[in-house]
1. If you stretched the chain out fully between residue 108 and residue 77, how much longer would it get, using 0.36 nm times the residue separation minus the C-alpha to C-alpha distance?
2. How would you classify the stretch 89-137 from its alpha-carbon gyration tensor, with a ≥ b ≥ c the square roots of the eigenvalues: rounded for a/c under 1.5, else prolate if a/b is greater than b/c, otherwise oblate?
3. Please report the antiparallel percentage of DSSP beta bridges with both residues in the stretch 36-134, rounded to the nearest 5.
4. What shape does the stretch 36-134 take by its C-alpha gyration tensor, where a ≥ b ≥ c are the square roots of the eigenvalues and a/c under 1.5 counts as rounded, a/b above b/c as prolate, and the rest as oblate?
5. Given contacts defined as C-alpha pairs under 8 Å and at least six residues apart, what's the relative contact order of the stretch 36-134, whole-number percent?
6. By how many nm would the segment from residue 54 to residue 36 lengthen if fully extended, with 0.36 nm per residue of separation less the alpha-carbon distance?
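Just so it is clear, none of the values below were taken in a lab; they were calculated from the coordinates. Note that the coordinates shown come from a computational prediction; the quantities given were computed from them, not determined experimentally.
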């Protein structure tokens, strides 16, 4: 076999290996969706909906609220592992597990104005995080 033919064969094998790997489940993402949303007020309560799926990300990954009561709804549109929502260092500010195809929600009082990290407590190591922005009064 000629050197050129061997190099072509080696390249073809490498490309086939990459294609085979790309058909497997995507690895967890290390960054959130670029989207942002601001809570809307319904019946005097701020409401925001986050979507999760098999991609280990929140959509949107940045949510903005005013001080006060907020209802966060977590919609799981995937088929895999369950997800939850928890504001770091504020254990009462959380939404319980949403299993595949399910929706969960919780109402809590926001922390003081500032920026806070929120996470899926199960998948924080996979980078499933976001930012909660609480505006000044």
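1. Residue separation times 0.36 nm, minus the Cα-Cα distance, leaves 8.8 nm.
2. Oblate.
3. Antiparallel bridges: around 60 percent, rounded to the nearest 5.
4. Here the stretch 36-134 falls in the prolate category.
5. 28
6. Working it through step by step, the gained length comes to 4.5 nm.
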